[in-house]
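For reference, the structure is listed below as structure tokens.
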Amino acid sequence: MSDMAKQWADFKELIDKCRKKAEDFGTVTDFFIHGSRATDKFHTDSDLDLCFVVNGGDVEVETFKNTIKELFECKEVGVYYLSGERWSFWIYKGREVGMHVYTKKDVNQKVDELYRSFEIFEKNSPWVQHTIRESCPIFESGDGLKEWKKKVESYPCNFFRKYRETYLDY
């Protein structure tokens, strides 16, 4: 088995285990992969980005993280920020996994506010692109991801025009 095939088999095993944990937890409403693995643009060094959305608050987020941490060899080995969000990396079978757990309220707020002003759009659009638009559902107890994608699928013309004027040379 090639290294890429072994890597994907390991990630598939992790996804299956995480899905079971999400289903058993009770307040996870959405579980999806996103980023390069979801868009088929990955390479051998690509991580796996997992996103879980829970109904509730910060207590439920931390409780769920503690529930799934037993699946990993190491929790939070690295951190980086995208759109002001703290993203942590965990380790599964020697491979990096981007671990993202949000409340449903937080995701709804980010998606609903996206077009409120150009400044908010400019700050949150990388997160929306990487986390919502470039995603593939694994487990859904409702239509969360589907609805979020629908809300962000088209940018208002005035935002695109301003973005183009600000960042592009045409």
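Hey, among the residues in the stretch 44-67 that are over 24 Å from Gln109 (Cβ atoms) and in a helix (DSSP H, G or I), which one's least open to solvent (accessible area, probe 1.4 Å)?
Looking at the filtered set, the residue picked out is Thr67.
Any chance you could count how many residues in the stretch 5-35 are over 26 Å from Ser141 (Cβ atoms) and within 13 Å of the chain's Cα centre (by Cα)?
Result for the stretch 5-35: 0.
Might you let me know whether the stretch 91-98 holds any residue that is open to solvent by 70 Å² or more (accessible area, probe 1.4 Å) and out of contact with any Asp or Glu (no Cβ under 7 Å at 6 or more places or on another chain)?
no
So in the stretch 68-80, with the set limited to residues that are of a type outside the set (Lys, Arg) and not in a helix (DSSP H, G or I), which one is modelled with the highest pLDDT? Spell out how you get there, then give the answer.
Just the residues of the stretch 68-80 that are of a type outside the set (Lys, Arg), to begin with: 68, 70-74, 76-80.
Add one more test, that the residue is not in a helix (DSSP H, G or I), and what stays is 72-74, 76-80.
Details: Phe72: 92, Glu73: 87, Cys74: 77, Glu76: 69, Val77: 69, Gly78: 63, Val79: 62, Tyr80: 63.
The selected residue is Phe72.
Filter the stretch 115-146 down to residues that are open to solvent by less than 70 Å² (accessible area, probe 1.4 Å) and either part of a strand (DSSP E or B) or of a type outside the set (A, V, I, L, M, F, W, C) (or both), then give me how many there are.
The total comes to 17.
For the condition under 16 Å from Phe72 (Cβ atoms) and either outside any helix (DSSP H, G or I) or out of contact with any Lys or Arg (no Cβ under 6 Å at 6 or more places or on another chain) (or both), what is the one hit in Lys41, Lys6, Lys20?
After ruling out the rest, the residue left standing is Lys20.
Take the residues in the stretch 81-114 that are under 22 Å from Gly57 (Cβ atoms), part of a strand (DSSP E or B) and charged (D, E, K, R); name whichever of them is modelled with the highest pLDDT.
Arg86
Would you check if Asp16 is modelled with pLDDT of 95 or more, within 21 Å of Asp3 (Cβ to Cβ), open to solvent by 70 Å² or more (accessible area, probe 1.4 Å) and out of contact with any Pro (no Cβ under 6 Å at 6 or more places or on another chain)? I'd like the intermediate steps shown before the answer.
Values: modelled with pLDDT of 95 or more: yes; within 21 Å of Asp3 (Cβ to Cβ): yes; open to solvent by 70 Å² or more (accessible area, probe 1.4 Å): yes; out of contact with any Pro (no Cβ under 6 Å at 6 or more places or on another chain): yes.
So Asp16 fits the description; yes.
The values are calculated or read from the model by the stated rules, or taken from the named source; none is laboratory data. Model, not experiment: these values are computed from the prediction. Don't worry about glycine lacking a Cβ; one is built from the backbone with ideal geometry, like all the others, and counts go over all protein chains shown. Ligands, DNA and RNA are stripped out before the accessible areas are found, and what is left, the full protein with its side chains, is counted by its heavy atoms. Shrake-Rupley method; radii C 1.70, N 1.55, O 1.52, S 1.80 Å.
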